[in-house]
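Reviewing the structure listed below.
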Amino acid sequence: MDRLLRRYRWLLRLFPADFRARHGRGMEQTFVEMVRTRRGRPGLRFWLALAWDTLRHAGAEWIDEWTTGGRPDAARTRGEAMAVLWGDVRYALRQLVRQPVYAMTVVVLMAVGVAGNAAVFRVVNGLFLRPLPFEEPDQLVDLDETAPQWDLEFLSIAYRDFDVWRADNSTFESMAVLDQGGGNALIDGAPVRLSYLQATHDLDDVLRIDPELGRFFGAEEDHPDGDRVALLAKGSWEQHFGADPDVLGRTLSLNGFAIEIIGVLPEEADFLADVDLWLPMRADPADFEGWGLSGIGRLAEGVSIEQAREDLIAVHKARIPEWEVNEISSPVVHSLRERYLGDYRLGSGFLLVAVAAVLLIACANIAALMFARGLSRTPELSLRSALGASRRRLARQLITESLVLAVSGAGVGLAIGVWGSDMLIRPLADQFPRWVSFELDARFLAFVAGVTVLAAMLFGLLPAVRASGRRSAFSGSRATASSARRRAMGGLVTGEVALATTLLVVGGLSALDVRQLGRVDPGFRADGLLSFSLSLPSQRYEDGAARLAFAERYQEALERIPGVRSAAVASSVPLGGHWGWFFLVDGAPARAEEEGNPVVLNRIVDPAYFNAVGVDFVAGRPFDDFDGREDGSRAIVVNETFVRTHLAHLDDPIGARLAAGTELGPDPEWMTVVGVTRDVKHYGLDREMRPGVYQPLRQLPLASFRVALALDGDPAAVVPAVRATTAELDRELPVFAVNRMSEQLDDALLTRRAISWLIVAFSTVALILAVAGIYGVISYSVGQRTKEIGIRLAMGARTEDVLGQVVRQGMTLVALGSAMGLVAAVAGAGIISGILVGVEARDPRVYVAVTLLLGTVAAVANYLPARRAARLDPAGVLRRE
Amino acid sequence: MIPRPLKTQYFQILLALSRRDLHGYAIQRAVLDQTDDQLKLWPAMLYRSLAKLEEADLIAETEAPKDEPDDERRQYYRLTEAGRGRLRDEAEMLARWVRAVGEAEA
């Protein structure tokens, strides 16, 4: 109980002293009795309510004090109070105009501090605080399956599993699965690629959306024999159908099928996925086609994510007798935000801490400035005090000045912050789900206002308290007052240096990490590599032979385009998504249970692929024209990681025989390993490797593929020629999703780079501010000690001694501060390592570099005022005094 | 002067004190009872309200009633004559409003 009460007393300090003296005990007693009669210890909810209660009413009490001067008898009207306040503001403005350098310095410091906070908070607000744009968004959860044994955190959902979950769960109001795809459509005779979302008929219930026109598809359309129907997204209704209100009932041709349009979706539907069409899933739970679907559910009221997960696991595992694989797979439930934005949480947290530190340093500088100025204002304040101004009145005047400065600075900072965050958000917009919005809202403004007031209190209250504490102008010795002030300033400098040091370490580590990532060998040649998608409709390309024939002719035609060095066809190119298979090795020892069976990345490629994409071989050879032919042998190429995970028991992986699947059938189709390639960073430079294989296109002729072009020339010039060449072969085939590989590789690191760049930028600002603080405080301290230094010089002290003493004094503060900062960084290494991939959080290079950098810059900042002191003319100084 | 109509928390505090003299936490409980747990006066809100009411001479600090255990940490409050009058005025005004709604619906 004592501990709780101490905590509450701490909160109560927010009240003005008068109110606390009168009612503090009453509030404490009430608190004690509230806690005592509660069942169980007070939880977070209780403390939040209590803190909010205290904060709100303490604030109101301060405002009352402010406007009435704290005297209940001075029952001023609101108008009179405003007049006094306005008078204070005008007086403050006059004071500040008279000292423009001082005022500008504070405004700039404040602007720097607020700008970073505004920019970063805008991003954090958009990502983590703003409610999702759906009804009752807290009930929405992401569904998925996990399979640790296959080394897959997210397996995606199999339709038959979903079908069981939906039927047997008791914790969900509704759930749906969906998949995204694209199809070739003909609109007004021109081939168009339309993107679509395929979903079960429950999706409108889950999202609680109603079509703007027509109706949503129902269960009768959502099975394999259902009518083919579609809803148009608002955008594609406007773009492709001119927003025609009579569009219902019209049909469009998609992949050769006639589809009836039964509705138009509202704009909110785009938040889930930015596609042209929504189609019913039309899946059959009896056909197990593996995994591949995303899921979204709406929890029943009062159900927690954990309860929902346990419920689904029970339902899922109950099917193990029928489907043995459910032993390996398990359902997982996450909040939507956690699933899609969880990766950004740590980085954003670091940025918030960084900007808070910058603001703190700026405040410390301003406070030091105000301390220094407080001394020069002593005569003015003493005079006003002698003329009858109350302590409270003087304190109020000083706080008003701080507030005027803080608000001006914050205004500038807000503008810079909004502009800066625009610059930041624009290139990153594609990295976030559609429902994330960075619009400025009330929460953002409240945050900036709160930060401003807090900062003003930090740097304004200290001098104000000191001013109001000075009862008379003539009491106390000036010397002790100034040495106390110097000590306080020394403390501020130490704190600034400590914060800046820690930030610099984090910035240095993340910069080093990103630089190292940029140098990671992707395992292929990204420069000059262009890729795009093409999809052959099954009506006109019925069998593998037709598709192969097209692929061969197409490849030859593409290679005739000037600027194209080579062309290849594959199921996917690097950064092109995951397609997991399992393989068994002929004669391999059985895998131990706990060893797991890591999923293998499967790629289907034509023989030209390795050369076009620039994948090197460690052993063996690429495919030749016989591999995979019906009269030839079945072949496969594996990567180095596959050799490590699956073929480690062999001396030579070449010649090993593999079969696809998890269980050997009676007549397995063996494939012979003909080559081993170097590892290709298929998932991005900052991601782990998985075992991977390549199979010849001849063995598995695809209908949808990526085309990779190795270019000599300008990609922009080649793309129109590619479209023309494609149209020559088949004028109904759209070329889509055209990407330059080097850009894609960079984009994959964009967020990481942006976070690192920002931390470096903020830590640089912190360094500059801290150094400016050192310079200012040492200058001030030297100025205060002019007389002492003058006497020492007159008594014969050598210039070097004075110089050395001043520098030593300053560097002691710096050493103390940076030691604290380094210790903090080492202690926080566990957290810091969360944002690093390839660099140790305790990498000594960074720590040494930061210490050297800070030491050098701080030494200069110390030396300049020290030199000025040493060059004093002792006679002049003493005459002045 | 506290403007009329009284804020809900002021009215409820006056109402609670009209039955008997109470200390801070007891006022909180009484108001919870009166409002079917709708209004919880957290300490800061409670004491700021008490301060305002005391300033306006509607309530005053008082001794602990004889039938309660003497706990010096508790601050007791009683309704002043002005407070009683104000509560009555306020209640009549509310009653008039309630009647007006009844007539409008009839």
- prompt: Taking A:VAL112, is it in contact with a Gly (Cβ under 8 Å, 6 or more places away or on another chain), within 17 Å of A:GLY409 (Cα to Cα) and modelled with pLDDT of 90 or more?
  reply: yes
message: Of the residues A:SER253, A:SER329, only one is within 38 Å of the chain's Cα centre (by Cα) and of a type in the set (S, T, N, Q); which?
response: A:SER329
query: From A:ARG867, A:ARG845, which residue is in the same structural domain as A:GLY508 (by TED's automatic domain parsing), of a type in the set (Lys, Arg), at pLDDT 90 or above and surrounded by fewer than 18 Cβ atoms within 10 Å (Cβ to Cβ)?
result: A:ARG845
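For A:ALA841, indicate whether it is assigned to a helix (DSSP H, G or I) and of a type in the set (Gly, Ala, Ser).
In short, no.
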- prompt: Quick one: would you say A:ASP667 is modelled with pLDDT under 90, surrounded by 19 or more Cβ atoms within 10 Å (Cβ to Cβ) and assigned to a loop (DSSP other than H, G, I, E, B)?
  reply: no
Selection status of B:ASP71, over 12 Å from the mean Cα position of the chain (by Cα), farther than 25 Å from A:GLU28 by Cα and surrounded by 10 or more Cβ atoms within 10 Å (Cβ to Cβ): no
statement: Counting only residues that are of a type outside the set (S, T, N, Q), surrounded by fewer than 22 Cβ atoms within 10 Å (Cβ to Cβ) and either under 20 Å from A:ILE157 (Cα atoms) or modelled with pLDDT of 90 or more (or both), the range A:179-201 contains a total of 4
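Every residue, every condition in (1) touching a residue at least 24 places away in the same chain (Cβ under 8 Å); (2) in a helix (DSSP H, G or I); (3) in contact with a His (Cβ under 6 Å, 6 or more places away or on another chain), yes or no:
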residue: A:TRP10; (1), (2), (3): no, yes, no
residue: A:PHE15; (1), (2), (3): yes, no, no
residue: A:ARG22; (1), (2), (3): no, yes, no
residue: A:GLY26; (1), (2), (3): no, yes, no
residue: A:GLU33; (1), (2), (3): no, yes, no
residue: A:PHE46; (1), (2), (3): no, yes, no
residue: A:LEU55; (1), (2), (3): yes, yes, no
residue: A:ILE63; (1), (2), (3): no, yes, no
- line: Of B:ARG78, B:ARG86, B:ARG19, B:ARG73, the only residue that is among the charged types (D, E, K, R) and within 13 Å of another protein chain (Cβ to nearest Cβ) is B:ARG73
message: crowded, with 18+ Cβ neighbours inside 10 Å and in a loop (DSSP other than H, G, I, E, B): is that true of A:PHE134 in this structure?
response: yes
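Given A:LEU351, A:LEU394, which one is assigned to a helix (DSSP H, G or I) and under 30 Å from A:THR501 (Cβ atoms)?
Details: A:LEU394 fails: under 30 Å from A:THR501 (Cβ atoms).
The match here is A:LEU351.
Of the residues that make up the range A:41-51, is at least one closer than 14 Å to B:PRO43 by Cβ and either at the interface with another protein chain (Cβ under 8 Å from one of its Cβ atoms) or in contact with an Asp or Glu (Cβ under 7 Å, 6 or more places away or on another chain) (or both)?
First, the residues of the range A:41-51 that are closer than 14 Å to B:PRO43 by Cβ: A:42, A:46-47, A:49-51.
Next, from what is left, pick out any that are either at the interface with another protein chain (Cβ under 8 Å from one of its Cβ atoms) or in contact with an Asp or Glu (Cβ under 7 Å, 6 or more places away or on another chain) (or both): A:49-50.
The answer is yes; a qualifying residue exists.
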message: Against the condition more than 13 Å from every other protein chain (Cβ to nearest Cβ) and either of a type in the set (Gly, Ala, Ser) or without any contact (Cβ under 8 Å) to a residue 60 or more places away in the chain (or both), how does B:TYR10 come out, does it pass?
response: yes
query: Is at least one residue of the range A:519-540 among the acidic types (Asp, Glu), out of contact with any helix residue (DSSP H, G or I) (no Cβ under 7 Å at 6 or more places or on another chain), within 24 Å of A:GLU669 (Cβ to Cβ) and part of a loop (DSSP other than H, G, I, E, B)?
result: no
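For A:PRO562, are the conditions met, namely being surrounded by 15 or more Cβ atoms within 10 Å (Cβ to Cβ) and outside the structural domain of A:LEU194 (by TED's automatic domain parsing)? Spell out the reasoning first.
Details: surrounded by 15 or more Cβ atoms within 10 Å (Cβ to Cβ): no; outside the structural domain of A:LEU194 (by TED's automatic domain parsing): yes.
Spelling it out, it is not the case that A:PRO562 is surrounded by 15 or more Cβ atoms within 10 Å (Cβ to Cβ) and outside the structural domain of A:LEU194 (by TED's automatic domain parsing).
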statement: Expected output for the range A:657-682 (first residue touching a residue at least 40 places away in the same chain (Cβ under 8 Å), partner of a type in the set (Ser, Thr, Tyr), Cβ below 9 Å, 6+ apart or cross-chain) is A:ARG657/A:THR672; A:LEU658/A:THR672; A:VAL674/A:SER633; A:GLY675/A:TYR694; A:THR677/A:TYR694; A:ASP679/A:THR641; A:HIS682/A:SER572
message: If I go through the range A:50-62 residue by residue, how many of them are more than 36 Å from the chain's Cα centre (by Cα) and either closer than 16 Å to A:LEU454 by Cβ or of a type in the set (Lys, Arg) (or both)?
response: 1
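Being within 9 Å of chain A (Cβ to nearest Cβ) and either in contact with a helix residue (DSSP H, G or I) (Cβ under 8 Å, 6 or more places away or on another chain) or in contact (Cβ under 8 Å) with a residue 12 or more places away in the chain (or both) is the filter here, so list the residues in the range B:27-40 that pass it.
In the first step, residues of the range B:27-40 are kept if they are within 9 Å of chain A (Cβ to nearest Cβ); the result is B:27-29, B:40.
Matches in the range B:27-40: B:ILE27, B:GLN28, B:LYS40.
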- prompt: What do you reckon, is B:LEU14 over 26 Å from A:TYR8 (Cβ atoms), modelled with pLDDT of 90 or more and either buried (at least 16 other Cβ atoms within 10 Å of the Cβ) or not charged (D, E, K, R) (or both)?
  reply: yes
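Within the range A:21-40, how many residues turn out to be within 11 Å of chain B (Cβ to nearest Cβ) and either crowded, with 18+ Cβ neighbours inside 10 Å or not basic (Lys, Arg) (or both)?
Within the range A:21-40, the first condition is being within 11 Å of chain B (Cβ to nearest Cβ), and the residues that meet it are A:22-37.
Next, only the ones that are either crowded, with 18+ Cβ neighbours inside 10 Å or not basic (Lys, Arg) (or both) stay: A:23-24, A:26-35, A:37.
Within the range A:21-40, residues that are within 11 Å of chain B (Cβ to nearest Cβ) and either crowded, with 18+ Cβ neighbours inside 10 Å or not basic (Lys, Arg) (or both) number 13.
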message: Going by what's in this entry, would B:ALA95 be described as within 14 Å of chain A (Cβ to nearest Cβ), among the small types (Gly, Ala, Ser) and on the phi < 0 side of the Ramachandran plot?
response: no
query: If you check A:VAL358 against the conditions, is it assigned to a helix (DSSP H, G or I) and buried (at least 23 other Cβ atoms within 10 Å of the Cβ)?
result: yes
field: Single match in A:LEU387, A:LEU360, A:LEU445 (criterion: aliphatic (A, V, I, L, M) and within 21 Å of A:ALA488 (Cβ to Cβ))
entry: A:LEU360
- request: Determine, yes or no, whether B:ALA82 is without any contact (Cβ under 8 Å) to a residue 12 or more places away in the chain and either outside any loop (DSSP other than H, G, I, E, B) or more than 23 Å from A:ARG22 (Cα to Cα) (or both).
  value: no
- line: Flagged in the range A:688-704 as loosely packed, with under 15 Cβ neighbours inside 10 Å and under 15 Å from A:VAL600 (Cα atoms), in numbering order, are A:GLU688
message: Looking for something in a helix (DSSP H, G or I), within 12 Å of chain A (Cβ to nearest Cβ), closer than 21 Å to A:GLU33 by Cα and of a type in the set (Phe, Trp, Tyr) - is there at least one such residue anywhere in the range B:41-60?
response: yes
message: Condition check: surrounded by 15 or more Cβ atoms within 10 Å (Cβ to Cβ), touching a residue at least 60 places away in the same chain (Cβ under 8 Å) and at positive phi. Does A:LEU575 satisfy that?
response: yes
query: How many residues are surrounded by 19 or more Cβ atoms within 10 Å (Cβ to Cβ) and more than 43 Å from the chain's Cα centre (by Cα) if we restrict to the range A:592-633?
result: 2
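The values are calculated or read from the model by the stated rules, or taken from the named source; none is laboratory data. Being a predicted model, the structure only gives us computed values, none of them experimental. Heads up, the Cβs are rebuilt from the backbone with ideal geometry, glycines too, and the neighbour counts pull from every protein chain shown.
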